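In what follows, a single structure is set out as structure tokens and then discussed.
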Amino acid sequence: MEKHQKYTFKKTERLSNEKLIGNLFTKGKSFVVYPIRVVYLIEQDSVHTGQNVKVLVSVSKKKFKSAVKRNRIKRLIREAYRLNKPAFNSTLAAKNKGLSIAFIYLDSEIKDYYLIEKKMIEIFQKLTKEIK
């Protein structure tokens, strides 16, 4: 029987170190699964203290003037990530790799949760292929 999965998104999983963010955007690769652009950097696990994946979520202030709307989109993306990450994290742990990811929202209107979750699953499939 499988151990109970934890569907959490703790502060330690957030990418907040300016040096790591700089590395991500200078050395990282990217692809688009519309409406989300993904910038990622595969690293040795030693860079990430205790976590395999560090995540950054960004929504353009130019496209969404209202902070309420920007925060809504960020919540939707984080929720889709949180619920679909356990299988992806086990793949990373097996390969002993660390990953920095930035999710950048591109559209100029708010999409519903189900579409964002579907796109998040596509993103995880692409990243899994890239890691292997």
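The values are calculated or read from the model by the stated rules, or taken from the named source; none is laboratory data. Everything numeric here is computed off the predicted structure, so don't read it as measured data. A quick note on method: Cβ atoms are made from the backbone with ideal geometry, for glycine too, and the neighbour counts reach across all protein chains shown.
General observations
Each row is one residue, and each column tells you yes or no for (1) surrounded by 18 or more Cβ atoms within 10 Å (Cβ to Cβ); (2) at pLDDT below 95.
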residue	(1), (2)
Arg37	no, no
Lys54	yes, yes
Lys62	no, no
Ser90	no, yes
Tyr114	no, no
Leu127	yes, yes
Glu130	no, yes
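- For beta carbons closer than 6 Å, sequence separation of 6+ or different chains, a first residue in the range 6-35 that is in contact (Cβ under 8 Å) with a residue 12 or more places away in the chain and within 16 Å of Leu127 (Cα to Cα) and a second that is part of a helix (DSSP H, G or I) and of a type in the set (A, V, I, L, M, F, W, C), the qualifying pairs are Val33/Ile123.
- Residue within the range 64-76 that is part of a helix (DSSP H, G or I), within 13 Å of the chain's Cα centre (by Cα) and basic (Lys, Arg) present: yes
Residue by residue, here is whether (1) in contact with a Pro (Cβ under 6 Å, 6 or more places away or on another chain); (2) not in a loop (DSSP other than H, G, I, E, B); (3) not aromatic (Phe, Trp, Tyr) holds:
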{"site": "Thr26", "(1), (2), (3)": "no, yes, yes"}
{"site": "Lys54", "(1), (2), (3)": "no, yes, yes"}
{"site": "Asn89", "(1), (2), (3)": "no, yes, yes"}
{"site": "Phe103", "(1), (2), (3)": "no, yes, no"}
{"site": "Glu109", "(1), (2), (3)": "no, no, yes"}
